[in-house]
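Q: Below is the structure I would like to discuss, written out as structure tokens.
The values are calculated or read from the model by the stated rules, or taken from the named source; none is laboratory data. All of these numbers come straight from a predicted model, not from anything done at the bench. When we count neighbours, we look across all protein chains shown, and the Cβ atoms used for this are built from the backbone with ideal geometry, even at glycine.
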């Protein structure tokens, strides 16, 4: 696929240093201290110029529609709302966790089931977690302790994204 745009060109050797579909309002010439504001297609200075240029791009690969969408991280808020909605924690536990970082009973049980040397790491992770990643070992351990399948956990993450 070809696109029309503009190139920043070094006049000395006619090499392209940058390419844009639209010329940026603030242009920095790479490898120099030159900064230009409001350049247009006719700009020429200090051995550099802007020229209209066509550029070839490869088309992105086709995405297999049968593959599941990737699971993106969710916020702590989304996680607590989903755990509450799923009945894993109570509304009082969710509020306490949001306000003070308190650990809900079932979550604490999953921490207690860990080897003693891993328990502080789990507690620190819970207390400092600002986002929740599907592949985090804490999440994997809690899911296993609760008997949740991968599909159920994926569904909870997708549901949480809507909160």
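Q: Please find, within the stretch 42-51, the residue that is surrounded by the most Cβ atoms within 10 Å (Cβ to Cβ) out of those that are in contact with a strand residue (DSSP E or B) (Cβ under 7 Å, 6 or more places away or on another chain) and part of a loop (DSSP other than H, G, I, E, B).
A: So the residue we want is 43.
Q: Among the candidates 106, 148, which residue alone is farther than 19 Å from residue 75 by Cβ, in a loop (DSSP other than H, G, I, E, B) and at pLDDT 90 or above?
A: Checking each option against the conditions leaves just 148.
Q: A further question follows. Going by the structure shown, is residue 95 without any contact (Cβ under 8 Å) to a residue 12 or more places away in the chain, closer than 30 Å to residue 146 by Cα and surrounded by 10 or more Cβ atoms within 10 Å (Cβ to Cβ)?
A: Working: without any contact (Cβ under 8 Å) to a residue 12 or more places away in the chain: yes; closer than 30 Å to residue 146 by Cα: yes; surrounded by 10 or more Cβ atoms within 10 Å (Cβ to Cβ): yes.
Against the criterion (without any contact (Cβ under 8 Å) to a residue 12 or more places away in the chain, closer than 30 Å to residue 146 by Cα and surrounded by 10 or more Cβ atoms within 10 Å (Cβ to Cβ)), residue 95 qualifies.
Q: Only residues in the stretch 125-136 that are under 20 Å from residue 155 (Cβ atoms) count as the first member; pair them with residues that are in a loop (DSSP other than H, G, I, E, B) and modelled with pLDDT of 90 or more, Cβ under 6 angstrom, at least 6 apart or cross-chain, and list the lot.
A: The qualifying pairs are 131/73; 133/73.
Q: Let me ask something additional. Using beta carbons and a limit of 7 Å, which pairs, at least six apart or on different chains, have the first residue in the stretch 76-92 and without any contact (Cβ under 8 Å) to a residue 12 or more places away in the chain and in the same structural domain as residue 140 (by TED's automatic domain parsing) and the second one assigned to a helix (DSSP H, G or I) and surrounded by 15 or more Cβ atoms within 10 Å (Cβ to Cβ)?
A: Partner pairs satisfying both residue conditions: 84/94; 91/84.
Listed here are the residues, each with its yes/no results for (1) under 22 Å from the mean Cα position of the chain (by Cα); (2) farther than 17 Å from residue 127 by Cα.
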position	(1), (2)
59	no, yes
63	yes, yes
66	no, yes
70	yes, yes
74	yes, no
80	yes, no
91	no, yes
94	no, no
99	no, no
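Conditions tested, residue by residue: (1) surrounded by 10 or more Cβ atoms within 10 Å (Cβ to Cβ); (2) part of a helix (DSSP H, G or I); (3) out of contact with any strand residue (DSSP E or B) (no Cβ under 9 Å at 6 or more places or on another chain).
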residue	(1), (2), (3)
32	yes, no, no
40	no, no, no
53	yes, no, no
60	no, no, yes
63	no, no, yes
70	no, no, yes
79	yes, yes, no
82	yes, yes, no
